[in-house]
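In what follows, a structure is listed as structure tokens, so that the remarks can point back to it.
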Amino acid sequence: MPKPIVVIVGRPNVGKSTLFNRITESYTAIIEDIPGVTRDRNYLDAEWDDKHFIVVDTGGFYPEPLDDIFLQIREQALFAIDEADVIIHLLDGKDGLVPSDREIARVLRVSGKKVLWAVNKIDGPTRDSRLYDFYPLGAEELWPVSAATGYGYDDMMEKLASLLPAYREEKTDYPKIAVVGRPNVGKSTLINTLLSKKRMIVSPIPGTTRDSIDSVCTYYGKKYLFIDTAGIRRKDMAGYSLERFAAVRAVKSILRCDVALIVLDASDGIVDQDQKIAGIVDSYGKGGVFLLNKWDLLHPSDDTYKTLLGEVGRKMWFIPYAPLLTVSALEKKRVTNIFPLIDDIIKERKKRIPTAELNKFFSEIRSTMTLPSYKGKTGKLNYITQVRTEPPTFTVFVNYPHAIKDSHIRHIEKILRNRFSFKGTPVRIYIKEKAPRK
């Protein structure tokens, strides 16, 4: 079974992001602005009472959008509702019931999804009387909560956990490869080409997720699980943007994968939607490979390749570690070259640097970096440690974290990659203050 999805919806300024942060606060993932990523929704893993799920924070829901930007936010919220297993409809206990709350409730009932009705900004038992304002919504239960202070939070989460469907983590010993990209770039053709090769053994796995088609592929004795985002059904598209809907579908495949094959249309060049999908791959810490498909439609030459390579470099600057491969899925050219790349990236994602070697490397870093002073005192890099793999993640301990800028972190990553490669995978670097001596 796929990991359940919990979506928080509500009108603007009811405290959705505050609740989202509280539910996910025990995790090390950081919500940040990722270039090229749509910021209408945030996704993070969460856990409560041994139940694992994904939480989605949506933009403020306007039942009757005022202009195009609010129409897009509403559209994104509707996409999230379509993906949800459980929906938290967050209401504002200070403002009371307003017409837009009624309209959102109507939309949720039409969806047929499980809904938990929570009234936010209730800071104590004496204010529970505010719940009576919301009973006209027809909810069987209303849960008072303060996302800011935590009042009522445990009770609400216990109820949420009881609504979650069963989840069983996928257990496979072979890489999971997601094939993602905007519509009509050749994803299905690529999958069909890969799976039709005579030296590959293919076995379908039905029902792994609701929105993707999985196939186990054996190539020269090695097995790979390919996750192909399902074709978009016409009934899903009533009034929706095809490109934005494709990104929603891509998220679920990316969440499950080790490496994402980001399929681009060489004849179109790089467009905004390509950037968004690549940004999702990077923000979730997955390995990535760019496949410039439909190479057969061009007149390949060194100049053509250099031009497209330059365009990828400029527009995909935030994911420079992903290798690029030109292919023609239709003509079956160079498609099997992806397997060595996948193997390399899987190896790099699992790479752990020996402590002695890492310390020696870090001594060299310190000799090449001059840190600014902080409150009149000189910033100093103390030591570095690798805290996890997949993706490789490092913590740098310093005396004054505020002295470390983004440019310093990028410099450390650049030197790390020059020494240890980490081909095709993100590298995470966190800054932490060194504990003072007692």
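The values are calculated or read from the model by the stated rules, or taken from the named source; none is laboratory data. Computed from a predicted structure; not experimentally measured. Because the Cβ atoms are built from the backbone with ideal geometry, glycine has one as well, and the counts that use them run over all protein chains shown. SASA here: full protein model, heavy atoms, side chains in, ligands and nucleic acids out. Shrake-Rupley method; radii C 1.70, N 1.55, O 1.52, S 1.80 Å.
Each residue in segment 359-376 was checked for being open to solvent by 80 Å² or more (accessible area, probe 1.4 Å) and part of a loop (DSSP other than H, G, I, E, B), and 2 pass. Only residues that are open to solvent by 30 Å² or more (accessible area, probe 1.4 Å) and among the β-branched types (Val, Ile, Thr) were counted in segment 393-438, giving 3.
Among the residues here, Lys351 qualifies as of a type outside the set (A, V, I, L, M), open to solvent by 30 Å² or more (accessible area, probe 1.4 Å) and modelled with pLDDT of 95 or more.
Here Ile191 passes the criteria (1) in a strand (DSSP E or B); (2) at pLDDT below 85 except the one numbered (1).
Only residues that are touching a Leu at 6+ places or on another chain (Cβ under 9 Å), free of Cβ contacts under 8 Å to residues at least 24 places away in the same chain and over 24 Å from Pro12 (Cβ atoms) were counted across segment 129-171, and they come to 0. A count restricted to segment 43-84 and to residues that are modelled with pLDDT of 70 or more and among the acidic types (Asp, Glu) stands at 7.
Flag: Glu25 does not match the condition of being surrounded by fewer than 20 Cβ atoms within 10 Å (Cβ to Cβ), over 19 Å from Met156 (Cβ atoms), charged (D, E, K, R) and at pLDDT below 85. Inside segment 259-281, residues that are surrounded by 23 or more Cβ atoms within 10 Å (Cβ to Cβ) and among the acidic types (Asp, Glu) make up a count of 1. The residue that is nearest to Gly10 (Cα to Cα), counting only those in segment 95-126 that are among the β-branched types (Val, Ile, Thr) and within 31 Å of the chain's Cα centre (by Cα), is Ile104. The number of residues in segment 93-126 that are in a helix (DSSP H, G or I) and touching a residue at least 60 places away in the same chain (Cβ under 8 Å) comes to 4. Would you confirm, using the coordinates I've provided, whether Lys294 is in contact with a strand residue (DSSP E or B) (Cβ under 7 Å, 6 or more places away or on another chain), open to solvent by 10 Å² or more (accessible area, probe 1.4 Å) and at positive phi? When the stated conditions are applied, Lys294 passes them.
Return yes or no: is Ala161 at pLDDT below 90 and either surrounded by 17 or more Cβ atoms within 10 Å (Cβ to Cβ) or within 26 Å of the chain's Cα centre (by Cα) (or both)? Taking the combined requirement at face value, the residue does not satisfy it. May I ask you to verify whether Glu32 is among the acidic types (Asp, Glu), under 23 Å from Lys121 (Cβ atoms), at pLDDT below 85 and outside any helix (DSSP H, G or I)? Answer is no for this residue.
Scanning segment 130-143 for residues that are assigned to a helix (DSSP H, G or I) and open to solvent by 70 Å² or more (accessible area, probe 1.4 Å) yields Tyr132, Asp133, Tyr135, Pro136. Across segment 379-392, the number of residues qualifying as at negative phi, in a loop (DSSP other than H, G, I, E, B), modelled with pLDDT of 90 or more and open to solvent by 60 Å² or more (accessible area, probe 1.4 Å) comes to 0. When residues in segment 313-337 are screened for being open to solvent by 10 Å² or more (accessible area, probe 1.4 Å), β-branched (Val, Ile, Thr) and part of a helix (DSSP H, G or I), 1 of them pass.
Residue pairs whose Cβ atoms lie under 8 Å apart, separated by 6 or more positions or on different chains, with the first residue in segment 2-15 and assigned to a strand (DSSP E or B) and the second aromatic (Phe, Trp, Tyr) and surrounded by 23 or more Cβ atoms within 10 Å (Cβ to Cβ), are Ile8/Phe20; Val9/Phe61.
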